[in-house]
Amino acid sequence: MFSYWLATIRRAAVAIAALFVFCGGAMAGVMIWEDASAWAAALLQGTLFGLAVVAVVVIVGSISNTWQAVRMASRHGLTLSPEAVPLPCTAEIRVPIRPGTTAYQLTDSVLHALKQLSAPQIDEVKEFTHGKLTLICRKSLSLPVRFHISITTDRDTATVTMDARPMAWRVLDEGASWCVLKTFEPHVGKAVHEEACGTGTT
């Protein structure tokens, strides 16, 4: 958990720095406007004010994010790690396939397998085509997550790439995207392997 917390700080470093400059600069600017001769004291006060604001945001924001991420990971049977911080969350697997196996067959098997899971629950199938699958998950998550799968076949190998990210841009998502990816990934791999070996249900 502590390593995840540190990773959230690094992830939000640019935003934190921008907040420090804005708040500290605003405070110093107001003081210099009132008394231009006291610019040294104004800069000091502005720096201290900026640091205080950043400290509050970092402590409250990052701890809250970490706590929510821990709860979400536990809910999905996962142990939180720093890998949950970077967005989007991605993974790739390669599976040997029988000659003649199509990307559509594999995609259909993956969709069928993921629909059987109780969590994360699939709320919407946005895309389902030859080798492309996009799912929206909301329930059991703190925010909606878009999970996209791309499957390509090359004679005797299927390459599956997975991408999980928040529906709206965010610096941090409380581990929601990572939970979706880590929960779905083994089931995607199993479904592709079973279909490729001729033991699938579809």
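Compared with the dominant Cα axis of the chain, that is its longest principal axis, helix 176-196 is turned about 20°. Computed extension gain for Trp169 through Ile63, at 0.36 nm per residue and net of the alpha carbon distance, reaches 36.1 nm. Placing Trp67, Trp169 in order of accessible area, with the largest value first and a 1.4 Å probe, yields Trp169, Trp67.
For Ser140 and Ser3, the FRET efficiency from 1/(1 + (r/R0)^6), where r spans their Cβ atoms and R0 equals 22 Å, is about 0.35.
Between Val21 and Ile122, the contour length at 0.36 nm per residue exceeds the alpha carbon distance by 32.2 nm.
What do you reckon, how do Thr129, Thr159 stack up by accessible area (1.4 Å probe), largest on top?
Of Thr129, Thr159, the descending order of accessible area is Thr129, Thr159.
Helical runs assigned H by DSSP (4 residues or longer) give the chain a calculated mean residue ellipticity at 222 nm of -16000 deg cm²/dmol, each run adding -39500 (n - 2.57) before division by the residue total.
Inter-label distance, Ser37 to His112: 8.5 nm, where each label sits 7 Å from its Cα along the C-beta direction. Computed with every protein chain present, the accessible area of Glu34 is close to 140 Å² [probe 1.4 Å]. Relative to the dominant Cα principal axis of the chain, helix 63-75 is inclined by about 20°.
The values are calculated or read from the model by the stated rules, or taken from the named source; none is laboratory data. Predicted model, so just to flag it, every value in this text is computed and none were measured. Because the Cβ atoms are built from the backbone with ideal geometry, glycine has one as well, and the counts that use them run over all protein chains shown. These accessible areas exclude ligands, DNA and RNA; they are computed on the full protein's heavy atoms, side chains included. Shrake-Rupley method; radii C 1.70, N 1.55, O 1.52, S 1.80 Å.
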